[in-house]
Amino acid sequence: MIEREGYRFLPNMETNRCFGCGPANPGGLKMDFYSDGKTIVSWISVPGHLSGWNSLAHGGVVATMVDEVMGRAVIFLLKSLPMTKSIRIDFIKPVYVGMELRVEGRIIEKRDREALVEAIILDENGETFTRSEATFGLLSVESMNKRGALTQDFVDLFAQLSSMEII
């Protein structure tokens, strides 16, 4: 079992249908997120229906996992809405379905309207399977609302999250 002490659960919307983090998506990853105030973490095992070759996790699914945890780092640590602008992923070792994994994301640098974020995927022995770095645009609720991209449920949740202490 991968260590989980010292992390606080971060809330999500039950109606969220996102492939990576949505509890309402029956075919998705259903990632939950936790934080120690510096890092966002998700503990996950890739389900068998998301395999690539035989028992290997599909590379796109692995990419989704790091993108999700980095996006959550922007939401919870920078209190901003993320939009992935670019992402680089190093697949160091193959990820197998059913493996217990720890996906970690943290902010490297905040710039004017974007952030540089990193993520890693580790197994229960602390071995690194994937490293990633991404640039995220930092968006406001107001700008996303103008585009019609947000539901009122999300606006309300984001207001709650923005005022939440995560340590």
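The values are calculated or read from the model by the stated rules, or taken from the named source; none is laboratory data. Remember, predicted model here, so these are calculated numbers, not experimental data. Ideal geometry is used to build each Cβ from the backbone, glycine not excepted, and the neighbour counts take in all protein chains shown. With ligands, DNA and RNA removed, areas are computed over all heavy atoms of the protein, side chains included. Shrake-Rupley method; radii C 1.70, N 1.55, O 1.52, S 1.80 Å.
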Residue tally, condition assigned to a helix (DSSP H, G or I), touching a Leu at 6+ places or on another chain (Cβ under 9 Å) and under 28 Å from ALA159 (Cα atoms), over region 44-70: 3
Selection from region 20-46 of residues that are in contact with a helix residue (DSSP H, G or I) (Cβ under 9 Å, 6 or more places away or on another chain) and surrounded by fewer than 16 Cβ atoms within 10 Å (Cβ to Cβ): GLY27, GLY37, LYS38
Strands (runs of 3 or more DSSP E) (entirely within region 84-167) containing at least 2 residues that are of a type in the set (A, V, I, L, M) and out of contact with any Pro (no Cβ under 9 Å at 6 or more places or on another chain): 101-110, 114-123
Those residues of region 108-142 which are among the hydroxyl-bearing types (Ser, Thr, Tyr) and in contact with a Leu (Cβ under 8 Å, 6 or more places away or on another chain), in sequence order: THR128, THR135, SER140
Residues located in region 108-122, provided they are free of Cβ contacts under 8 Å to residues at least 60 places away in the same chain and open to solvent by less than 70 Å² (accessible area, probe 1.4 Å): GLU114, ALA115, LEU116, VAL117, GLU118, ALA119, ILE120, ILE121
Residues of region 89-107 classified as of a type outside the set (D, E, K, R), closer than 12 Å to THR39 by Cβ and open to solvent by 30 Å² or more (accessible area, probe 1.4 Å), total: 1
Condition met for LEU157 (open to solvent by less than 30 Å² (accessible area, probe 1.4 Å), among the aliphatic types (A, V, I, L, M) and touching a residue at least 24 places away in the same chain (Cβ under 8 Å)): yes
